[in-house]
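Undergrad: Quick one: the structure is below, and I'll ask about it shortly.
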Amino acid sequence: MKWVTAELHTHTCASDGNFTFEELVQSAKAEDLDVIAITDHNTIHPATHIRKLEKKYNIDIIAGMEWTTFYGHLVILNLHSYIDWRTIGPSQFDVTDIKKSDAILGIAHPFRVGSPIATGCHWEYEVSDWNDIDYFEVWSNVNPNINAANKKAFKFWLDKLNTTKLTAVYGRDWHRPIPADKIVAKNYIGVIGDNMKSGVIDAIKAGRVVVSLAPLIEFTLFDNDHVVNIGEDYFTSNCIVNFKCVITQLNNIPSSLVIKSNLGPIHFANISQDSIIVSNISITSVKWIIAVIEQNTEMVAFTNPIFIRQKE
Ligand SMILES: [Zn+2]
Ligand SMILES: [Zn+2]
């Protein structure tokens with residue numbers, strides 16, 4: 001598995017962004033991103049144009065669209081034909097056709113109010129089956145770790161993990177150059193195989209995503225020879241398990257590693273440089289665990305969960 005960096009939510013002047021598509025790609029290259037998804041509002045870009053920019057800038061570009069309605073925004077990745085949004089009413093949320101294709105979909109900025117109170121930014125649809133939703137933008141926008149709407153989204157997501165698998169991602173919702181006083185995050189995506197674009201889609205579906213301002217947390221659980229990655233299920237009748245956290249790109253900033261679960265925090269360690277932490281933890285009544293890095297009491301990175309399935 002290889003960790004690649006990706007931005008999954010971007011706009012150009014084909015909708016309401018300030019960038020041309022080429023300027024957006026240049027900006028992504030300047031940040032050393034491996035992959036971006038192009039997700040303009042209710043419009044898609046021609047495949048030939050995408051291929052041309054991929055070749056010119058040596059970057060992978062996932063075709064997508066932000067399906068922008070009055071009652072919520074849904075980012076659709078790996079989308080190759082246009083989806084109409086105009087006929088969708090508040091009780092008509094239906095993704096059957098999208099789910100029949102190879103596309104995946106995620107709820108964008110679910111708790112954002114919009115400025116100055118724009119319709120549709122926050123999610124109002126009733127989701128009858130959360131299995132239809134592949135991912136959730138737990139972090140959105142600039143300064144994502146201290147954004148109040150994102151804190152709500154994080155709590156909502158943790159609660160959802162008790163009943164469903166739902167991958168957390170970051171979506172910058174990139175419309176224009178980032179002001180110098182603002183910070184952004186990135187997704188580290190665990191890609192298996194040589195095809196970058198399908199590898200990213202598969203990894204998002206599988207939950208192999210770490211959301212972070214900088215540090216990469218490689219979080220695994222191991223049981224003798226058996227290694228369980230984030231996104232995976234661990235079936236066990238053990239009460240104590242071993243986990244391993246390889247933490248890099250901390251840049252010598254004093255940090256804490258917290259392992260969180262449905263029961264709350266279950267492990268804590270202070271760290272200040274790139275580290276490997278291996279430990280035993282009790283998992284009695286634990287349904288899922290995530291690894292979190294905090295700096296000055298603010299979360300700066302978190303992993304998707306490992307799911308614990310307790311055998312009787
Ligand atoms: Zn949006
Ligand atoms: Zn957007």
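Undergrad: Being of a type in the set (A, V, I, L, M, F, W, C), at pLDDT below 95, away from ligand 1 (no atom under 14 Å from the Cβ) and assigned to a helix (DSSP H, G or I) is the requirement here; does ILE98 meet it?
TA: In short, yes.
Undergrad: Return the residues of segment 223-252 that are in a strand (DSSP E or B) and over 20 Å from PHE268 (Cβ atoms); say none if nothing qualifies.
TA: Within segment 223-252, ASP223, HIS226, VAL227, VAL228, ASN229, ASP233, TYR234, PHE235, THR236 qualify.
Undergrad: Output the residue which, of all residues in segment 103-153 that are touching a residue at least 60 places away in the same chain (Cβ under 8 Å) and open to solvent by 10 Å² or more (accessible area, probe 1.4 Å), is nearest to ligand 2 (Cβ to nearest atom).
TA: In this case the residue turns out to be ASP134.
Undergrad: For segment 180-192, does any single residue satisfy the condition of being more than 16 Å from ligand 2 (Cβ to nearest atom), over 16 Å from the mean Cα position of the chain (by Cα), assigned to a strand (DSSP E or B) and not small (Gly, Ala, Ser)? Talk me through it step by step, then tell me what you get.
TA: First pass over segment 180-192, keeping only residues more than 16 Å from ligand 2 (Cβ to nearest atom): 180-183, 186, 188-192.
The next check asks that each one be over 16 Å from the mean Cα position of the chain (by Cα); those that pass are 180-183, 192.
Okay, now just the ones that are also assigned to a strand (DSSP E or B), so none.
No - not one qualifying residue is present in segment 180-192.
Undergrad: Counting only residues that are out of contact with any Leu (no Cβ under 6 Å at 6 or more places or on another chain) and on the phi > 0 side of the Ramachandran plot, how many does segment 243-284 have?
TA: Looking only at that region, the number is 3.
Undergrad: Would you be able to tell me the number of residues in segment 233-268 that are over 25 Å from the mean Cα position of the chain (by Cα) and of a type in the set (Gly, Ala, Ser)?
TA: 1
Okay, residues lined up against (1) more than 16 Å from ILE36 (Cβ to Cβ); (2) not polar (S, T, N, Q):
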residue	(1), (2)
ILE178	no, yes
GLY193	yes, yes
VAL210	yes, yes
VAL227	yes, yes
SER255	yes, no
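Undergrad: Another question, if that's okay. Show the residue pairs meeting these rules: Cβ distance below 7 Å; 6+ apart or different chains; first residue within segment 29-50 and within 17 Å of TRP67 (Cα to Cα); second residue at pLDDT below 95 and open to solvent by 40 Å² or more (accessible area, probe 1.4 Å).
TA: Final answer for the pair search is HIS41/ASP16; ASN42/TRP85; ILE44/TYR82.
Undergrad: For segment 221-242, indicate whether the set of residues that are among the aliphatic types (A, V, I, L, M), within 26 Å of ASP202 (Cα to Cα) and open to solvent by 60 Å² or more (accessible area, probe 1.4 Å) is non-empty.
TA: There is at least one residue in segment 221-242 that is among the aliphatic types (A, V, I, L, M), within 26 Å of ASP202 (Cα to Cα) and open to solvent by 60 Å² or more (accessible area, probe 1.4 Å).
Undergrad: Of these, PHE136, PHE154, which one is of a type in the set (A, V, I, L, M, F, W, C), at pLDDT 95 or above and closer than 27 Å to PRO254 by Cβ?
TA: Numbers: PHE136 fails: closer than 27 Å to PRO254 by Cβ.
Just one listed residue meets the conditions, PHE154.
Undergrad: In addition: Just checking, how many residues over segment 30-60 are within 16 Å of ligand 2 (Cβ to nearest atom) and either closer than 16 Å to VAL4 by Cα or basic (Lys, Arg) (or both)?
TA: 2
Undergrad: Shifting gears a bit: Among the residues of segment 194-212, how many are assigned to a loop (DSSP other than H, G, I, E, B) and open to solvent by 50 Å² or more (accessible area, probe 1.4 Å)?
TA: Within segment 194-212, the first condition is being assigned to a loop (DSSP other than H, G, I, E, B), and the residues that meet it are 194-195, 207-208.
In the following step, the residues that additionally are open to solvent by 50 Å² or more (accessible area, probe 1.4 Å) were identified as 194-195.
So the answer is 2.
Undergrad: Let me ask something additional. Looking at (1) touching a strand residue (DSSP E or B) at 6+ places or on another chain (Cβ under 7 Å); (2) among the polar types (S, T, N, Q); (3) within 16 Å of ligand 1 (Cβ to nearest atom), can you tell me which one ASN141 breaks?
TA: Among (1) touching a strand residue (DSSP E or B) at 6+ places or on another chain (Cβ under 7 Å); (2) among the polar types (S, T, N, Q); (3) within 16 Å of ligand 1 (Cβ to nearest atom), the lone unmet condition for ASN141 is (1).
Undergrad: Collect the residues in segment 21-78 that are in contact with a Leu (Cβ under 9 Å, 6 or more places away or on another chain), charged (D, E, K, R) and under 24 Å from CYS121 (Cβ atoms), keeping them in residue-number order.
TA: GLU66
Undergrad: Within the bounds of segment 243-250, is there any residue that is out of contact with any helix residue (DSSP H, G or I) (no Cβ under 6 Å at 6 or more places or on another chain), among the basic types (Lys, Arg) and open to solvent by 60 Å² or more (accessible area, probe 1.4 Å)?
TA: Filtering segment 243-250 for residues out of contact with any helix residue (DSSP H, G or I) (no Cβ under 6 Å at 6 or more places or on another chain) gives 243-250.
Subsequent filtering for residues that are among the basic types (Lys, Arg) retains 244.
From what is left, the residues that are open to solvent by 60 Å² or more (accessible area, probe 1.4 Å) are 244.
Yes, segment 243-250 contains at least one residue that is out of contact with any helix residue (DSSP H, G or I) (no Cβ under 6 Å at 6 or more places or on another chain), among the basic types (Lys, Arg) and open to solvent by 60 Å² or more (accessible area, probe 1.4 Å).
The values are calculated or read from the model by the stated rules, or taken from the named source; none is laboratory data. Remember, it's a predicted structure, so these values are computed and weren't measured experimentally. Neighbour counts run over all protein chains shown; Cβ positions are idealised from the backbone, glycine included. We work out accessible area using only protein heavy atoms, side chains counted, and drop any ligands, DNA or RNA first. Shrake-Rupley method; radii C 1.70, N 1.55, O 1.52, S 1.80 Å.
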